[in-house]
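Values quoted throughout were computed directly from the atomic coordinates according to the rules given, and no laboratory measurement underlies them. Bear in mind the structure is a predicted one, so any value in this text is a computation, not a measurement. Every residue, glycine as well, gets a Cβ built from its backbone with ideal geometry; the counts of neighbours run over all protein chains shown.
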Amino acid sequence: MKLYLPLDSVAVALGAEAIAAAILTEAARRGIRVDLVRNGSRGMVWLEPLVEVETDAGRIGVGPMTVADVPALFGSAARHPKALGLVEDLPWMKGQTRLTFARVGVIDPLSLADYRAHGGLQGLTRARSMTRAEIVAEVTDSGLRGRGGAGFPTGIKWKTVSDAPGDRKYIVCNADEGDSATFADRMLMEGDPFCLIEGMAIAGLACGAAKGFVYIRSEYPIAIRVMESAIRIARTAGVLDAGFDIEVRVGAGAYVCGEETSLLNSLEGRRGVVRAKPPLPALEGFMGKPTVVNNVISLASVPVILAKGAAFYKDFGHGRSRGTVPLQIAGNVRYGGLYETAFGLTLGQIVDDIAGGTASGRPVKAVQVGGPLGAYHPRADFDTPFGYEDFAGQGGLIGHAGLTVFDDSADMLAQARFAMEFCAIESCGKCTPCRIGAVRGVETIDRIAKGDAAAIPLLTDLCSTMKSGSLCALGGFTPYPVLSALTHFPEDFTPVREAAE
Amino acid sequence: MLDSADLSDRVAQILADHAGLEGPLLPILHGIQAAFGHVPQAAIPQIAKALNLSKAEVHGVITFYHDFREAPAGRHVLKLCRAEACQAMGADRMAAEVKAALGIDWHETTPDGRVTLEPVFCLGLCACGPAAMLDGRLIGRCDAGIVAEVMA
């Protein structure tokens with residue numbers, strides 16, 4: 001009997017370890033041999049822990065599981081009270097275009113044989129038959145842009161590093177996924193770590209780099225463990241060797257280290273302080289050497305591009321946002337999780353149709369798109385297609401494609417205050433607009449909360465200083481949540497509210 | 001309490017384990033914190049000497065990162081997520097209840113040394129918030145009942 005139960009952090013946080021123990025105990029009691037595969041998550045968080053039972057017809061999902069639901073798994077899975085039918089036929093799965101996440105939740109994350117059997121290593125094999133310039137051109141032609149949030153064309157970054165002179169070059173994977181509502185990096189590393197390894201190895205070939213680092217935040221213990229195991233397996237199997245090797249580095253709880261130059265300082269063992277650009281990391285990055293810094297999803301999208309060709313990937317998408325994007329739907333949401341799809345769905349389709357509105361059943365008030373530095377969008381923005389330029393046009397950004405849904409109980413002044421407070425806590429301190437501006441921002445919003453309307457122009461002025469004067473996106477983008485809250489929800493910023501109370 | 005010779009031997013071992021790494025300070029500090037539960041002040045001159053850094057530079061790195069402690073934590077460490085996705089599911093209210101029940105604020109330890117309460121900004125459990133981590137164990141859809149678990 002073959003069963004699947006995710007090792008993904010979400011499944012574990014919702015009790016998967018107790019389910020795993022109960023399955024093994026029950027199997028032993030019945031004298032049945034079970035093969036329990038700890039897979040990645042399919043991304044349907046409301047169904048976790050989701051057990052899948054392999055049958056002749058396919059994998060039948062049962063969930064969300066409790067320990068009490070375990071014994072009935074050993075009867076007919078299809079007739080289990082929590083049976084969901086074939087997992088691949090569920091609407092959430094059928095609606096997706098899974099290119100980057102094709103194997104996540106499907107395979108055993110630490111089985112290289114599984115990885116190969118599901119198309120793994122085809123991209124690397126093809127890249128090994130190409131010249132450096134050909135690999136770079138393939139990635140450029142695919143239209144892939146940085147999935148970490150900045151949206152910079154990946155191929156152009158690679159070309160800069162590839163062409164740069166240097167005796168040593170580095171591939172650094174930014175897995176410091178600190179934005180609230182984002183967990184795609186974590187899910188990919190936990191569910192298909194070889195895909196990231198393959199993407200980094202291809203980047204190494206394209207740029208002439210022999211060493212890669214994966215900088216993973218310390219808040220992701222399971223991702224760290226799975227990546228480290230996968231790297232050891234890849235070395236043993238010869239996928240990684242002296243020509244290109246990878247090392248995992250663990251962050252230490254500083255949000256700003258998700259910014260690429262701060263990350264490089266942290267990797268070098270320094271305070272995670274932002275560096276001024278230029279010089280670009282592509283020319284003077286880790287230890288002053290040419291360095292590619294790419295997000296997990298950017299690198300993990302490379303194997304499929306090399307395996308199936310740039311044209312295949314580019315065919316998906318909308319406008320200048322090509323390919324697919326793993327949407328991460330979170331917060332107060334009925335059906336939350338990871339949903340990979342081509343760019344171009346509208347915000348309303350994502351929130352109302354896919355996510356089914358709020359978990360509380362109350363009306364959606366605001367959706368923060370792109371993490372703590374992203375704007376709060378009202379329903380009026382729901383016709384905005386999901387793409388880099390489209391959200392920039394609405395005074396926002398897509399960031400790492402996380403969406404946090406809030407119901408009508410949200411207090412937008414409190415959310416704006418939190419954005420400033422967060423910036424004050426996490427500022428690296430290098431530039432004044434961010435270090436001091438964020439503190440003054442909290443104070444100014446507190447004045448507004450006490451009914452001082454004269455503080456509102458002061459806040460917008462401060463935001464404009466932070467936006468144009470900060471060295472990086474932390475201070476520079478904190479105005480997005482603050483100003484969007486103020487612009488779209490002015491009623492939460494007026495003293496009328498207090499008078500009514 | 002460790003005597004200073006014992007501390008110095010263990011720090012030397014951790015330094016030796018990380019010899020040859022490029023930019024080794026963070027892995028070393030993680031190793032020291034794993035061994036001692038915090039980064040003892042007494043280890044700083046030894047680390048600085050081994051890496052050819054000033055003591056001020058090492059101190060600067062330790063204090064920059066939220067993870068590194070200069071004093072031991074309580075027997076349990078409870079981290080509650082304060083980020084937006086968890087806020088949307090009532091994390092602020094839950095945190096207030098937990099603080100009231102424990103009688104402490106963020107970054108404080110109960111007087112009996114049982115539990116240290118810390119904020120965390122995102123555990124990647126954003127579609128099953130509020131999220132928490134108790135002694136390294138992840139918890140989704142957390143509520144103030146977590147206090148009973150800590151006190152048990």
Rounded to the nearest 5, the percent of antiparallel DSSP beta bridges in segment A:316-407 equals 80 percent
What number comes out for the charge environment of A:Gly146, summing +1 per Lys or Arg and -1 per Asp or Glu over other residues with Cβ under 11 Å away?
+2
Under-5 Å amide H pairs with A:Thr341, H placed in peptide plane, nonlocal only
A:Thr97, A:Val325, A:Leu327
With only alpha-carbon atoms counted, please give the Rg and Dmax of segment B:18-152, in Å.
17.1, 49
Quick one: net charge around A:Gly387, please, counting Lys, Arg +1 and Asp, Glu -1 for every other residue with C-beta under 12 Å from its C-beta.
+1
Cα-based reach from A:Lys365 at 24 Å (exclusive), listing lysines while leaving out same-chain residues under 8 positions away
A:Lys450
For a quick check: with amide H placed at 1.01 Å from N, whose amide H comes under 5 Å from A:Ala366's, ignoring anything fewer than 5 positions away on the same chain?
A:Phe406
Zone reached by a paramagnetic label modelled 7 Å from A:Asp163 Cα along Cα→Cβ, restricted to segment A:274-289 with backbone N below 14 Å, covers A:282-283
When Cβ neighbours within 10 Å are restricted to other protein chains, what is their mean count per residue of peptide A:11-23?
2
Cα gyration tensor, segment B:4-64 - rounded (a/c under 1.5), prolate or oblate:
rounded
Reachable lysines from B:Lys99, Cα under 21 Å, same-chain residues fewer than 8 places away excluded?
B:Lys79
Computed FRET efficiency, Cβ-Cβ of A:Arg29 and A:Arg334, R0 35 Å: what is it to the nearest 0.05?
0.40
Is there a simple number for the mean count of other chain Cβ atoms within 10 Å of the Cβ of residues in B:126-136, and what is it?
6
Hey, which aspartates and glutamates would be in cross-link range of A:Lys2, C-alpha to C-alpha under 19 Å, not counting anything within fewer than 8 residues on its own chain?
A:Glu17, A:Glu26, A:Asp35, A:Glu48, A:Glu52, A:Glu54, A:Asp56, A:Asp69, A:Glu88, A:Asp108, A:Asp114
Whole-Hz Karplus couplings 3J(HN,Hα) for segment A:287-300, θ = phi - 60° and coefficients 6.51, -1.76, 1.60, Gly and Pro as x, run 6, x, 9, x, 9, 8, 10, 10, 5, 3, 6, 4, 5, 6
Computed over segment A:412-500, the relative contact order (Cα-Cα under 8 Å, seq sep at least six) in percent reads 37 percent
HN-Hα J couplings of segment A:216-232 from phi, Karplus 6.51/-1.76/1.60, θ = phi - 60°, integer Hz, Gly and Pro as x?
9, 5, 5, 6, 10, x, 6, 4, 4, 5, 5, 4, 4, 5, 5, 5, 4
Report the paramagnetic label zone for A:Ser129: residues of segment A:289-333 whose backbone N is under 12 Å from a point 7 Å from Cα along the Cα-to-Cβ axis.
A:307
Per-residue ellipticity at 222 nm attributable to helices in chain B (runs of n ≥ 4 DSSP H, -39500 (n - 2.57) apiece, nearest 500 deg cm²/dmol) works out to -12500 deg cm²/dmol
How large is the Kirkwood hydrodynamic radius of segment A:1-145, in angstrom, based on all distinct alpha carbon pairs?
16.9 Å
Tell me, what is the percent relative contact order of chain A, built from C-alpha pairs under 8 Å that lie six or more residues apart?
14 percent
Contact order relative to length of segment A:393-443, as percent, for alpha carbon pairs under 8 angstrom and 6 or more apart
30 percent
By the mean-Cβ-within-10 Å protection proxy, highest first, A:64-73, A:471-480, B:57-66 rank as A:471-480, B:57-66, A:64-73
Which order do the peptides A:25-34, A:308-317 take when ranked by the mean count of other beta-carbon atoms within 10 Å per residue, highest first?
A:308-317, A:25-34
Mind checking the mean number of beta-carbon atoms from other chains within 10 Å of the Cβ atoms in A:266-273?
6
Gyration tensor on Cα atoms of segment A:412-500, a ≥ b ≥ c root eigenvalues, a/c under 1.5 rounded, else prolate if a/b beats b/c, else oblate, says prolate
Hydrodynamic radius of segment B:76-151 per Kirkwood, over alpha carbon pairs, in Å:
11.9 Å
Enumerate the amide H contacts of A:Val37 below 5 Å, restricted to partners 5 or more residues apart or on another chain; note that Pro and chain-start residues carry no placed amide H.
A:Leu3, A:Tyr4, A:Leu5
Along the Cα→Cβ direction, 7 angstrom out, place labels at A:Arg232 and A:Ala150. What is the inter-label distance in nm?
3.4 nm
With 10 Å bins from 0: P(r) over segment A:112-313, alpha-carbon pairs, percent:
10, 40, 39, 12, 0
Within chain B, percent of DSSP bridges classed antiparallel, to nearest 5
55 percent
Tabulate in residue order the Karplus-calculated ³J(HN,Hα) for segment B:11-19, using 6.51 cos²θ - 1.76 cosθ + 1.60 with θ = phi - 60°, rounded to whole Hz; enter x for Gly and Pro.
5, 4, 5, 5, 4, 5, 5, 9, 4
Any chance you could get the radius of gyration and Dmax over the Cα atoms of the protein assembly as shown, in Å?
24.3, 75
